[in-house]
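Step one of this worksheet: look at the structure below.
Read-outs: derived from the displayed coordinates by stated rules, not from any lab. Quantities reported herein were computed from a predicted structural model and do not represent experimental measurements. Cβ sites come from the backbone with ideal geometry, for glycine too, and all protein chains shown count toward neighbours.
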Amino acid sequence: NTSSRLIMTFLLSLGSFLVAFSPSLSLLFTVVFPKPQLVILSITAAFFYLLSAFFSSLFWLPVPDGSAAKEGGIATLLALTIPSVIFQMAGRCSFVKLYFRVEGVIRRSVKRHEEETIAATHARNNDNRSHRSSNRNNDSTNNYDDDDDDEGSNDGDPHAETNALQLQLNDLSCSLSSGCGYALLHSLFLYGTLLASESGESSTSTGGTLYQPSCSDVPSLIHGAVIACLFSILDVMWMMLTFFGMRRRGLYGGHGNDNNNNSSNINNNMHNPYNGRATSSNTTTWKLSQWKRTVLESLTFLSPKGLSDSFSGGNAALGLVFYSHLLASLVLAPNGLMERDGCLISLPCLAGVVILVGVLFKTGVKGHFLPEDQRRRILGLRMEDVAASGAVVGSNGV
């Protein structure tokens, strides 16, 4: 009986582990691991979650423990939930802002290297021409051969490094990998302790299965695994929306630098009529007008057009992240406030939040998640690939 109980506990733990960490691990092995840059980005995002959890725990120190919180009701629940959501929101935004700054530095460095390479190539070609001109009367045949060699020296794409960087470090791949790292550490915090205490024989586990009053008919391992899985999905979508929102705020806010060096960036004066004469009253008026636009923009999530590529569209995306995170945290309240089986309410509500965020994400950013310069460059690369494949087919006579 003891051995069969241990086997069942192991199988239960293994299945629960796969349920809890499957969203994060699937992204980790398919998207993050193939590219070293994305691995670094994922680890950095996990570190920012760790910072937000640390500051949240400091804020929770004066808040009563679980038994007292149950007596305090909604007030204590909000005191525990709102600071955590705020710190995590600040952690996401700080991480994305730091990434944009590093991205700008990398792009400028690559661009400078390409310019130096092009200049060196031109200088070398000029030297070759001068050499051929001095030897033209000696050997005209060699002159033609040199011309052929000179033409072949310019066959390479001078922007190959920028194109490769664009394919690897665009907002889609970076937001997915960042969300993966953030979600993985969040799942470890949510579920790791419970999984460790239930696995194997230890002072806290003898091979049995733990049940709790909050979900009396379902093992705690399965209950916790479902919550961790749903929050992992939400963490990835929240990080992607944070990338979308912070990118639009940086491009169209009229404040700060455009780290993309986006040549097609619309003039900030169209979005900030007071950009050229920044006084205190004008800046305040502009901010109020932008927040009014944000409120109106939030109503366009379900419209066919979706969110616009604007400062207010970025604010609306960040607002969705904050309020949906707060809602997802509050729907778990029945687990602690109800005497029995609060999971019958909390789990369907949490799944509903996941579906809601997924629908709003799809309708809000579909077709224009990437900024315009990244879309244009990736489209150009695809057209070059099609043209190259067509040239190959034509040369083979197929």
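Some values worked out for this structure:
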quantity	calculated
Under 5 Å, built H, 5+ apart or other chain: amide partners of Q212	S220
Inter-site label distance for E115 and E339 at 7 Å from Cα along Cβ, in nm	7.4 nm
Positive minus negative residues near V105 (Lys, Arg vs Asp, Glu; Cβ under 12 Å)	+4
